[in-house]
Amino acid sequence: GITVAVLFFGKGGFEKLGGFFGNTGLADRGRFHLWSQMIECFKQFPIFGAGFSVLYQLNNHAMGNVNLYTALAHNTIFQMIGSCGIVGVVAYVFHRFTTVKLFVKNFSDSRLFLGVTILTLLLLALLDQIFFFPNFIILYAILLAISEIDYTYHKATTQADDQPTVVQQEKNKE
């Protein structure tokens, strides 16, 4: 962390970051327009959505552009609403529910760290399209898999602690 901070400040990173926000402020940079387009897609295709290529068709294909940044909604929730409709949103909510359940039931400290990492990715996904790129999907899948393994391990140990030992069973017979 210290090395990154030294490199960041040493290479003028702070000035560049300040310049970026000085030039753009806290502007939505086109996100609000993309989000409203996804709402309109949902209104037209509420059950199954308009598909994942709809923003590309609306914003790029018509203009002869190939721009990945306007091909997705920069927000996982709006992307699911417009692309997948009610069916996709229900599936996404179910996935979120099972994910939360994974981190709440049979709590462990190690899973807490993994959960905070996943929560950070989910918060980032409210402003960017990270879950539609393979590198983030692979990271997310690995974090979930490790969490599942930890959950299963803690569940098995908790159940084993509840089972009487052979010595206890013998004493109960007497």
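A few comments on the model shown:
- If you filter region 102-139 down to residues that are surrounded by 11 or more Cβ atoms within 10 Å (Cβ to Cβ) and of a type in the set (D, E, K, R), you find that the one that is modelled with the highest pLDDT is ARG111.
- Members of region 92-101 found to be open to solvent by less than 60 Å² (accessible area, probe 1.4 Å) and over 13 Å from the mean Cα position of the chain (by Cα), listed by number: THR98
- Of ALA145, ALA73, all but one fail to be open to solvent by less than 20 Å² (accessible area, probe 1.4 Å) and aliphatic (A, V, I, L, M); the exception is ALA73.
- Residue ID - most open to solvent (accessible area, probe 1.4 Å), chosen from residues in region 19-63 that are assigned to a loop (DSSP other than H, G, I, E, B) and either modelled with pLDDT under 80 or more than 13 Å from ILE81 (Cα to Cα) (or both): LEU26
The values are calculated or read from the model by the stated rules, or taken from the named source; none is laboratory data. Computed from a prediction, not measured in an experiment: that's the story for all the values here. Cβ coordinates were reconstructed from backbone atoms using ideal geometry, including for glycine residues, and neighbour counts include every protein chain displayed. Side chains included, ligands, DNA and RNA excluded: accessible areas come from the protein's heavy atoms. Shrake-Rupley method; radii C 1.70, N 1.55, O 1.52, S 1.80 Å.
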